[in-house]
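> I have a structure here, written as structure tokens, and I will follow up with some questions on it.
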Amino acid sequence: MTITRKDFPDRFVFGVATSSFQIEGATREDGRGPSIWDTFCREPGRILDGTNGDAACDHYHRWAEDLDLIQSLGADAYRFSIAWPRIQPEGRGAVNPRGLDFYDRLVDGMLERGLKPYATLYHWDLPQTLQDAGGWANRDTAHRFAEYARLVAERLGDRVTSYATLNEPWCSSILSYQIGEHAPGLRNRKLALAAAHHLLVGHGEAVAAMRDALRDAELGIVLNLQPTYPASEKPEDVAAAHHADGTFNRWFLDPLFRGEYPQDIWEAYGADVPEVQPGDLACIARPLDFLGVNYYSRGVNSANGSVRPPDSAYTHMGWEVYPQGLTDLLVRLKEDYAAPPLFITENGAAYPDELTGDRVHDPERIRYFESHLEAVAQAVRHGVDVRGYFAWSLLDNFEWAWGYSRRFGLVYVDYASQRRVPKDSALWYQGLLTGQPEGVLLPATD
Ligand code: GBH
């Protein structure tokens, strides 16, 4: 069965997503300050292939060509992120006008091409100066974030009507301060939980600041949610899955949509729990216009740890392909959390793509997108209010700790020449979006 736009509601938004550090490059240009990822990339052993974001996809200079590509896909919208260190090189105080100008041009470029901008304010590129003061483990960073959010809203608010505050606070806290895989690369659970709390407070304060600055904007947050399943019906496996769900999903969903941290996990964290000040939970739980869901895979847990189902397919990241998890997750968000309207803000897969002549054949990625879109359509049929879907990602890009060794793009990037080559999956996505099976995408560029 092939999926078509008719499987989705009338005003359903289809788009593509990227993030600033992963594509822009130009890290020292036009007054941008250093971010924690610039620092992290220079620490030996942090990035698999020893690379960094200095050039990335050179999107800072090629943005017009990239917007042309998005338009030629037939997309309705583009989800991008704003680099805080371009706006405030020191993370506080003085604004860098050339940084704001870049996003101003970018947004105008989207509107000229009929693309609706979906901005994300924080996709992990924290100004290094703020990290020097403790980063997200320092409560002051939350206030600085709200200040920055207001600056962006004041400048872009006449043209950008959708803002996500944070992308995946689990990654900016647990993965960054406890697991140590992302910048700043610490291994300290207490700091990680402080960071998570301050990220959520910063989100709440940013929402308040932006509501104050903007009339009709839609404000939300993006979470990486990973439904967890027990490896068997044994009570200890069921308990392990519930615990994993608690640390990964409920630790963020419960404060945002119920105004409380989950009791079982709070107790399990013992002395590492964050200091919660009066009013924090009300601030975090401010009503939102949407929740962005980034979905890649599920988790399967047993009492002995996580399990890899042997008969499943896996991507180049080693993540299980499990579309049913997306349906289950979306239905659960409606039933357990009475969540606001949902957007799939990221979904996609890495495969070891190769350029053969002018083509990249990526049938597995097409199957991945197709099966996950079918999973979204299924949730819609269950009555879940899903408003849009953004494929991750427009371009192959800097995949964090994996450097350039993992390719998530609909469009292949030859990093030596910066040539963009639409993969078969891009042509497939264009077919879905335009309803024309054999569309003509922009030719590969030089
Ligand atoms: C997203 O994060 C990011 O927003 C984006 O920038 C990135 O390029 C993209 O995904 C692809 O990676 O069960 O311990 O293996 C993904 C967040 C969090 C998804 C961890 C996979 C697996 C956790 N990831 N998760 S584990």
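The values are calculated or read from the model by the stated rules, or taken from the named source; none is laboratory data. The shown structure was predicted, so the numbers you read here are calculated from the model rather than taken from an experiment. Neighbour counts are summed over all protein chains in view; Cβ atoms, including those assigned to glycine, are modelled from backbone coordinates with ideal geometry. Areas reflect the complete protein model, heavy atoms only, side chains present, ligands, DNA and RNA absent. Shrake-Rupley method; radii C 1.70, N 1.55, O 1.52, S 1.80 Å.
> Filter segment 386-417 for residues that are open to solvent by 20 Å² or more (accessible area, probe 1.4 Å), of a type in the set (S, T, N, Q) and within 23 Å of residue 37 (Cβ to Cβ) and give the result.
Across segment 386-417, the qualifying residue is only 405.
> Out of segment 111-127, which residues are buried (at least 22 other Cβ atoms within 10 Å of the Cβ) and more than 22 Å from residue 91 (Cα to Cα)?
Within segment 111-127, 117, 118 qualify.
> Of the residues that sit in segment 418-438 and are surrounded by fewer than 18 Cβ atoms within 10 Å (Cβ to Cβ) and in a loop (DSSP other than H, G, I, E, B), which one is modelled with the lowest pLDDT?
Going through the qualifying residues, I end up with 438.
> Here's a follow-up. Could you tell me how many of the residues in segment 396-409 are outside any helix (DSSP H, G or I) and within 11 Å of the ligand (Cβ to nearest atom)?
Counting residues in segment 396-409 that are outside any helix (DSSP H, G or I) and within 11 Å of the ligand (Cβ to nearest atom) gives 8.
> Please specify each residue of segment 37-51 satisfying the condition of being open to solvent by less than 70 Å² (accessible area, probe 1.4 Å), hydrophobic (A, V, I, L, M, F, W, C) and part of a loop (DSSP other than H, G, I, E, B).
Answer for segment 37-51, where residues must be open to solvent by less than 70 Å² (accessible area, probe 1.4 Å), hydrophobic (A, V, I, L, M, F, W, C) and part of a loop (DSSP other than H, G, I, E, B): just 47.
> Quick one: in segment 347-370, which of the residues that are small (Gly, Ala, Ser) and closer than 22 Å to residue 293 by Cα is surrounded by the fewest Cβ atoms within 10 Å (Cβ to Cβ)?
Kept after step one, since they are small (Gly, Ala, Ser), are these residues of segment 347-370: 348-350, 357.
In the following step, the residues that additionally are closer than 22 Å to residue 293 by Cα were identified as 348-350.
On the way: 348: 22, 349: 27, 350: 24.
Step by step, filter segment 347-370, then rank; the result is 348.
> Related question: Tell me which residues, restricted to segment 211-225, are of a type outside the set (S, T, N, Q) and within 16 Å of the ligand (Cβ to nearest atom).
Of all residues in segment 211-225, those of a type outside the set (S, T, N, Q) come to 211-223, 225.
Listed by number, the residues that qualify are 220, 221, 222, 223, 225.
> Now for a different question. Within segment 248-268, how many residues turn out to be open to solvent by less than 30 Å² (accessible area, probe 1.4 Å) and under 18 Å from residue 302 (Cα atoms)?
Qualifying residue count for the region: 2.
> Any chance segment 17-31 includes a residue that's among the acidic types (Asp, Glu), within 15 Å of the ligand (Cβ to nearest atom) and not in a strand (DSSP E or B)? Spell out the reasoning first.
Of the residues in segment 17-31, the ones among the acidic types (Asp, Glu) are 24, 29-30.
Retained after the next criterion (residues that are within 15 Å of the ligand (Cβ to nearest atom)): 24.
Pick out the ones that are also not in a strand (DSSP E or B) and you get 24.
The answer is yes, given that some residue of segment 17-31 is among the acidic types (Asp, Glu), within 15 Å of the ligand (Cβ to nearest atom) and not in a strand (DSSP E or B).
> So, one more: Pick from segment 371-385 the residues that are touching a strand residue (DSSP E or B) at 6+ places or on another chain (Cβ under 7 Å), farther than 9 Å from residue 347 by Cβ and in a helix (DSSP H, G or I): which of them is most open to solvent (accessible area, probe 1.4 Å)?
380
> Being in contact with a strand residue (DSSP E or B) (Cβ under 6 Å, 6 or more places away or on another chain), over 30 Å from residue 199 (Cα atoms) and in contact (Cβ under 8 Å) with a residue 60 or more places away in the chain narrows it down to one residue among 360, 293, 300; which is it? Let's see the steps before the verdict.
On the way: 293 fails: over 30 Å from residue 199 (Cα atoms); 300 fails: over 30 Å from residue 199 (Cα atoms).
Among 360, 293, 300, only 360 is in contact with a strand residue (DSSP E or B) (Cβ under 6 Å, 6 or more places away or on another chain), over 30 Å from residue 199 (Cα atoms) and in contact (Cβ under 8 Å) with a residue 60 or more places away in the chain.
> Any idea which residue in segment 177-204 is least open to solvent (accessible area, probe 1.4 Å), counting only those that are within 16 Å of the ligand (Cβ to nearest atom) and among the basic types (Lys, Arg)?
189
> Separate question: Give the residue, chosen from 94, 55, that is modelled with pLDDT under 95, more than 30 Å from residue 342 (Cα to Cα) and open to solvent by 10 Å² or more (accessible area, probe 1.4 Å).
Selected residue: 94, the only one of 94, 55 that is modelled with pLDDT under 95, more than 30 Å from residue 342 (Cα to Cα) and open to solvent by 10 Å² or more (accessible area, probe 1.4 Å).
> For residues in segment 164-176 being within 23 Å of residue 212 (Cα to Cα) and touching a helix residue (DSSP H, G or I) at 6+ places or on another chain (Cβ under 7 Å), which is nearest to the ligand (Cβ to nearest atom)? Give the steps one after another, and end with the answer.
Keep residues of segment 164-176 that are within 23 Å of residue 212 (Cα to Cα), which gives 164-167.
If we keep only those that are touching a helix residue (DSSP H, G or I) at 6+ places or on another chain (Cβ under 7 Å) too, we end up with 165-166.
Details: 165: 14, 166: 11 Å.
Filtering first and then ranking leaves 166.
> Sort out which residues of segment 277-308 are away from the ligand (no atom under 16 Å from the Cβ), of a type in the set (A, V, I, L, M) and under 26 Å from the mean Cα position of the chain (by Cα), and write them in order of number.
281, 282, 284, 285, 288
> Here are 228, 161: which of them is within 14 Å of the ligand (Cβ to nearest atom), in contact (Cβ under 8 Å) with a residue 12 or more places away in the chain and not aliphatic (A, V, I, L, M)?
228 is the lone residue from the list that is within 14 Å of the ligand (Cβ to nearest atom), in contact (Cβ under 8 Å) with a residue 12 or more places away in the chain and not aliphatic (A, V, I, L, M).
> Go through segment 274-304 residue by residue and tally those that are β-branched (Val, Ile, Thr) and touching a Leu at 6+ places or on another chain (Cβ under 6 Å). Spell out how you get there, then give the answer.
In the first step, residues of segment 274-304 are kept if they are β-branched (Val, Ile, Thr); the result is 276, 284, 293, 300.
Checking which are touching a Leu at 6+ places or on another chain (Cβ under 6 Å) leaves us with 284, 293.
Summing the residues that are β-branched (Val, Ile, Thr) and touching a Leu at 6+ places or on another chain (Cβ under 6 Å) in segment 274-304 gives 2.
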